[in-house]
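Structure, as structure tokens:
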Amino acid sequence: MKKSLALLASVAALVALPAAAQFQKSEDAIKYRQGAFTIMGNHMARIGAMAQGRVPFDAKVAADNAAIVLTVSRLPFGAFGEGTDKGMPHRAKAEVWKDNAKFKAAAEKMIGEVAKLEAAAKAGNLDGMKSAFGAVGASCKACHDDFRADRYSAN
């Protein structure tokens, strides 16, 4: 599993740096960011199930999933470049591009909270993980409230 995480981290680092330059079409950027958010959501759900007591706490599973979330949390934001507000249906509000500084600040806040979650999960402390999980959820909700539409766009 460590080799898989290391490989994922390496690929993510290579992909994330020139992310905006690699999208030939806005559809590619939209699919990329949607995919990254889907992966994050799936792994957050696994951690959430433990935090909420629906499945037994497993420190290794929590730490592995949190590491994936941390790696992937850095990926989607390079795919919100100019012109990626059109091309295919998406849920990003126009405010992403109109108030990009606020959007970037929300993204950085979320990434910071995910880093705290990863550290808590790595420490194997369920109570610390629960607290950090709540903070990540709050940062996600704040961003969704400001920058994610309830419905998909028409384009």
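The values are calculated or read from the model by the stated rules, or taken from the named source; none is laboratory data. Fair warning: this is a prediction, and the values are worked out from it, not measured in the lab. Cβ atoms come from the backbone with ideal geometry, glycine included; neighbour counts cover every protein chain shown.
Listed values, structure above:
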| read-out | value |
| --- | --- |
| Pick from segment 115-150, criterion modelled with pLDDT of 95 or more and in a loop (DSSP other than H, G, I, E, B), ranking: surrounded by the fewest Cβ atoms within 10 Å (Cβ to Cβ) | D150 |
| Matching entry among M110, M88 (being outside any helix (DSSP H, G or I), closer than 21 Å to G35 by Cβ and of a type in the set (A, V, I, L, M)) | M88 |
| Condition check for A66: of a type in the set (G, A, S), in a helix (DSSP H, G or I) and surrounded by 15 or more Cβ atoms within 10 Å (Cβ to Cβ) | yes |
| In segment 40-62, residue nearest to M129 (Cα to Cα) [restricted to those that are touching a Gly at 6+ places or on another chain (Cβ under 9 Å) and crowded, with 20+ Cβ neighbours inside 10 Å] | A51 |
| Any pair with Cβ under 6 angstrom, 6 or more apart, that starts in segment 124-137 at a residue that is farther than 17 Å from H43 by Cβ and ends at one that is small (G, A, S) and assigned to a helix (DSSP H, G or I) | G124/A59; G128/A120 |
